[in-house]
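Worksheet for the structure shown next.
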Amino acid sequence: MSAPEGSEAHIRFAVPEDEAALDRLDRETWSYLHAVKPLDPAPSPFFNERFGPRDHLVAELDARLVGYVRLGRPTPLETNAHVRQIMGLAVGDAARGRGAGRALVRGAVALARRQGARRITLRVLGHNTPARKLYEAEGFVVEGVLPEEFLLDGAYVDDVLMGQAL
């Protein structure tokens, strides 16, 4: 069942019980459009010692988990503890174009502000035009490009660094 036109995604923190649904979503949305390593054929825990439920916001439409964003510190250094980085974003195919991705990005920015961050950054593959357009629409600007940083599925792909001041 799909959400009625105009319905908004509900954004909340992930909880441990979301782990199976998040792993399933990760596998369903995997693509070299945004992934820099092959899909691991064996299921693995979605949450780990570095990223737990409170490092993820999830989007729900019609009470169904349809997406997530992972927000973390780019390094463990205290000298850049004022920076947060979007380290993963996924939205299921059935929910694309319905505002879940935008709501997740806005949620990540708001959470970074609440955590006292002064900047938020991300890395996106150069050929991922939909994601780049979304990030630009939400105030992120290109701060650097690492040309041909990855060889994905036989093609060299740029790594685009984006960020914004909070």
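The values are calculated or read from the model by the stated rules, or taken from the named source; none is laboratory data. Fair warning: this is a prediction, and the values are worked out from it, not measured in the lab. As a convention, Cβ positions derive from the backbone with ideal geometry for all residues, glycine included, and neighbour counts pool all protein chains shown. All accessible areas refer to the heavy atoms of the entire protein, side chains included, with ligands and DNA or RNA removed. Shrake-Rupley method; radii C 1.70, N 1.55, O 1.52, S 1.80 Å.
From the list Leu134, Leu122, Leu151, Leu89, the one residue that fits, being in contact (Cβ under 8 Å) with a residue 12 or more places away in the chain, assigned to a strand (DSSP E or B), open to solvent by 20 Å² or more (accessible area, probe 1.4 Å) and aliphatic (A, V, I, L, M), is Leu89.
Residue-by-condition table, conditions (1) touching a strand residue (DSSP E or B) at 6+ places or on another chain (Cβ under 7 Å); (2) at pLDDT 95 or above; (3) at positive phi:
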position: Ser2; (1), (2), (3): no, no, no
position: His10; (1), (2), (3): yes, yes, no
position: Phe13; (1), (2), (3): yes, yes, no
position: Glu17; (1), (2), (3): no, yes, no
position: Arg27; (1), (2), (3): no, no, no
position: Leu39; (1), (2), (3): no, no, no
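Here Glu49 passes the criteria (1) within 15 Å of the chain's Cα centre (by Cα); (2) assigned to a loop (DSSP other than H, G, I, E, B); (3) surrounded by fewer than 16 Cβ atoms within 10 Å (Cβ to Cβ) except the one numbered (1). Across the range 92-109, what is the number of residues that are without any contact (Cβ under 8 Å) to a residue 60 or more places away in the chain and exposed (fewer than 14 other Cβ atoms within 10 Å of the Cβ)? Matching residues across the range 92-109 total 1. Is there a residue being out of contact with any Pro (no Cβ under 9 Å at 6 or more places or on another chain) and closer than 30 Å to Gly154 by Cβ anywhere in the range 11-19? No; the residues of the range 11-19 include none that is out of contact with any Pro (no Cβ under 9 Å at 6 or more places or on another chain) and closer than 30 Å to Gly154 by Cβ.
The set of residues from the range 20-54 being among the acidic types (Asp, Glu) and touching a residue at least 60 places away in the same chain (Cβ under 8 Å) comprises Asp26, Glu28. Among the residues of the range 26-41, those identified as open to solvent by less than 50 Å² (accessible area, probe 1.4 Å) and either more than 10 Å from Ala90 (Cβ to Cβ) or in a loop (DSSP other than H, G, I, E, B) (or both) are Ser31, Ala35. Taking each residue of the range 55-75 that is touching a residue at least 60 places away in the same chain (Cβ under 8 Å) and looking for partners that are crowded, with 18+ Cβ neighbours inside 10 Å with beta-carbon atoms closer than 9 Å, six or more apart or interchain, yields Asp62/Ala3.
For the range 70-83, a residue qualifies if it is assigned to a strand (DSSP E or B) and either touching a Gly at 6+ places or on another chain (Cβ under 7 Å) or of a type in the set (Gly, Ala, Ser) (or both), and the qualifying residues are Arg70, Gly72.
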